[in-house]
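Structure, as structure tokens:
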Amino acid sequence: MERDPDPRRQDRLALIELFERDGRVGRSVSVHRWPLSLGRALDNDVVLDDPFIAAHHARLQPDADGALTLTVLDTVNGVALGRAQHAAGSEVVLPAAGAALQIGALKLRLRLPAETLAPERVLPERARAGLVGSFTASLQTALVAGGLMMALALFEHWISIDPGADAAAWLPVVVGIPLALAAWCGAWALVSKLFQHRFDFLGHLRIVLPWLLAAGLVNAVLPPLAAALAWPGLWRLGMPLQALLGLLLLREHLTHVLPLAHRTVTVALAAAALVGSAISLSLTLRATDRYSRAAYMSTLPLPSLQARAPVPSQQLVQELAPLAEQLAKRVKRARDEDAADGEAASE
């Protein structure tokens, strides 16, 4: 941030802060006299380099009662004060504590002596740990989560590969997972470098490891538990829960990069989740005539883990009977589609 060149702080009437695209203050200008003009022309008191700003865009000056007034000059884009847009020729009395302005594509904050400062905010990584100066503790927690995640991945891989498999069968887990983590955190660290001017690899590593552990536990626990209890609904809950964990992980990364945009990030991800859910449900309905796919496991739990008594064969036959009608409808539809395709090809 640019330093105030004038040492006479006691003569400062106001301070104008100009925000960068990441929400941080990029430049500040001390105000020692009124009126104050803003625009692109060099004869302005504050020169704003933005193509959406007029040569002489706005002027700040006290009125007859001493209240600071914003006058919008000859501009087609006007000035936004909060959520209100003011066109050329408007005169607006500003709050005594200051105001947030948008001139062109630039966001400015006018700070006045009557401003009430908000309390100091805790750094995001320290807030998550709940203790100031607990960087080491949060890193240790992340490493423990990473160790448990790797152990879970190795166990799942062990029960899925053929007995006596060679060492190459372990490479996708032993080498692939660390490489994928490094690439993921490295990409987010580059985003942090772009917006926050720091390569925060460890910060994003501390974020991703606990969420990956939670996703692994969901994938490892829910299907066997659903099979043991004979609750298909519990199996169907796995995929939406995995998607929710993925969205929450993205939110953590984005708010770590853009700490001043929590609400915007949350709304954008919620909208993406709604659209994605609608598309997924539509595709599933088209493929299966149902809003969820049938529960299926390639490997069932051991018989000793079955917590529910087996269904009698007669009851199973009765429950399967309605499937015949559904299969007949699908066969008829497939034949009709094949016939229509054959007629189109013959024409």
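Details
- Global form of the stretch 234-347, assessed from the alpha-carbon gyration tensor, a/c cut-off 1.5: oblate
- Computed over the chain: relative contact order in percent, which uses C-alpha pairs under 8 Å that are six or more apart: 9
- For the chain: accessible area per residue (Å², 1.4 Å): 65
- Between the stretch 149-215 and the stretch 219-249, the alpha-carbon center distance in angstrom: 21
- Helical mean residue ellipticity (222 nm; -39500 (n - 2.57) per DSSP H run of 4+; nearest 500) of the chain: -17000 deg cm²/dmol
- Across all directions, the average projected area of the convex hull around the alpha carbons of the stretch 162-227 is 6.2 nm².
- Packing-based ranking, highest mean first, of 165-178, 310-323, 223-236 given that Cβ atoms within 10 Å are counted: 223-236, 165-178, 310-323
- Applying a length cut-off of 27 Å (Cα extent along the axis) and a mean Kyte-Doolittle floor of 0.0 to the DSSP H helices of the chain leaves 135-160, 176-196, 201-229, 238-257, 262-288.
- Relative intensity, log₁₀ I(q)/I(0), of the chain from a Debye sum that treats every alpha carbon as a point, q = 0.15 Å⁻¹: -1.32
- Share of carbon and sulfur in the accessible heavy-atom surface of the chain [1.4 Å probe, %]: 63
The values are calculated or read from the model by the stated rules, or taken from the named source; none is laboratory data. Every value quoted in this text rests on a predicted model; they were computed, and no experiment measured them. Backbone-built Cβ (ideal geometry, glycine too); neighbour counts: all protein chains shown. Ligands, DNA and RNA are excluded from the accessible area calculation, which covers all protein heavy atoms including side chains. Shrake-Rupley method; radii C 1.70, N 1.55, O 1.52, S 1.80 Å.
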